[in-house]
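The values are calculated or read from the model by the stated rules, or taken from the named source; none is laboratory data. Note that the coordinates shown come from a computational prediction; the quantities given were computed from them, not determined experimentally. Note that each Cβ is placed from the backbone with ideal geometry, even for glycine, and that neighbours are counted across all protein chains shown. These accessible areas exclude ligands, DNA and RNA; they are computed on the full protein's heavy atoms, side chains included. Shrake-Rupley method; radii C 1.70, N 1.55, O 1.52, S 1.80 Å.
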Amino acid sequence: MAHVAAQDSYPPPAPLQTDEFRIARPQIVGPPSPEPPFPILLVGPVQKGFGRGGKQLGCPTANLPDESITPISTVAKTGVYYGYAQIIPPKDRDTQLRPEDIKVLPMVMSLGWNPFYKNKQLTAEIHILHDFQSDFYGLELRAVVLGYIRPELDYTSREALIDDINTDKRVALNSLDRSGYQAFARDAHFDLQ
Ligand SMILES: Cc1cc2nc3c(=O)[nH]c(=O)nc-3n(C[C@H](O)[C@H](O)[C@H](O)COP(=O)(O)O)c2cc1C
């Protein structure tokens, strides 16, 4: 796991998704509790990506700045990961965030070059599994990454990518639904008051 770091792998040849891969996908991944290099702690202000995640994929993502992703890009390969995340509201001004929006919530994260969109830069994009009613650009995002789901793939259609992302969300929820993972929702990395 720790032998190939995402930041060392450019230009990465991403395999094309196949029907065999899609059909054989496990619905739960990882050991009963996180094993090294997990947990990996990330923190940083939410940045705007290209905005395609929400509009084209029905899956809005929060991007973290380069310096915030080194804790994972230096120790883990590209791919899709799961864990928990929390948006921290600023102390000095009001936002439209509701109490349910600032809880520790399940997340999926894509670390890579988005081969389907041929990005030129490595990004870490976090999708929080929650129905937000407002955006939170600029606010602090904290995340605890707990496990790996699958490699980053290229796709021949947007529908196939959407289908895999939907599977990723189910796999993340199933995988977090174990006591060895649930404990990390109460990790001191989060704001738990
Ligand atoms: C759970 C998840 C899995 C993803 N898997 C892939 C993938 O396998 N291949 C890929 O090219 N992009 C993948 N993406 C990245 C999307 O292509 C990306 O979120 C999209 O380009 C939107 O980015 P933007 O909002 O910056 O435009 C994934 C994103 C998420 C949230």
query: Carbon and sulfur atoms: what percent of the 1.4 Å accessible area of the chain do they account for?
result: 53
statement: Phi-derived 3J(HN,Hα) across region 146-155 with the Karplus relation (6.51, -1.76, 1.60, θ = phi - 60°), rounded Hz, x for Gly and Pro, is 10, x, 9, 9, 6, x, 6, 10, 9, 9
Karplus-derived HN-Hα couplings along region 27-44 (A = 6.51, B = -1.76, C = 1.60, θ = phi - 60°), whole Hz, x at Gly and Pro: 8, 9, 9, x, x, x, 9, x, 10, x, x, 8, x, 10, 9, 10, 8, x
message: Quick query: amide H of residue 154 versus all other amide H atoms, modeled in the peptide plane; which residues come in under 5 Å with a sequence gap of 5 or more or a different chain?
response: 16, 17
- request: Pull up all non-local amide H partners of residue 62: gap of 5 or more, or a different chain, and H-to-H distance under 5 Å with H placed in the peptide plane.
  value: 126, 127, 128
query: Once label points are set 7 Å from the Cα along Cα→Cβ at both residue 118 and residue 132, what is their separation, rounded to one decimal in nm?
result: 2.9
- prompt: Hey, got the dipole for region 70-113? About the Cα centre, +1 on K and R Cβ, -1 on D and E Cβ, debye to the nearest 20?
  reply: 120
field: Lysine pairs with alpha-carbon atoms under 19 Å apart, region 36-186, spacing 8 or more or separate chains
entry: 8
statement: With x for Gly and Pro, the residue-by-residue ³J(HN,Hα) of region 74-82, computed from phi through the Karplus equation 6.51 cos²θ - 1.76 cosθ + 1.60 at θ = phi - 60° and given in whole Hz, is 8, 10, 10, 7, 5, x, 10, 10, 10
- prompt: Based solely on its DSSP helices, what 222 nm [θ] is calculated for the chain when runs of n ≥ 4 H residues each add -39,500 (n - 2.57) and the sum is averaged over all residues, nearest 500 deg cm²/dmol?
  reply: -6000 deg cm²/dmol
query: Which angle between 0 and 90 degrees, to the nearest 10, do you get for helix 158-176 versus the longest principal axis of the chain when only C-alpha atoms count?
result: 60
message: Explain nothing, just the number: dipole magnitude of the chain about its Cα centre with +1 on each Lys and Arg Cβ and -1 on each Asp and Glu Cβ, in debye rounded to the nearest 20.
response: 100
message: Could you report region 1-104's accessible area per residue, 1.4 Å probe, as an integer in Å²?
response: 58
message: On a full-extension model of 0.36 nm per residue, what is the gain between residue 16 and residue 28, subtracting their alpha-carbon distance, rounded to one decimal in nm?
response: 2.1 nm
- line: With a ≥ b ≥ c from the Cα gyration tensor eigenvalues, square-rooted, and the rule rounded for a/c under 1.5, otherwise prolate when a/b > b/c and oblate otherwise, region 36-186 is rounded
message: Which of 123, 95, 78 ends up with the largest GNM mean-square fluctuation for the chain, with Cα atoms connected below 10 Å?
response: 95
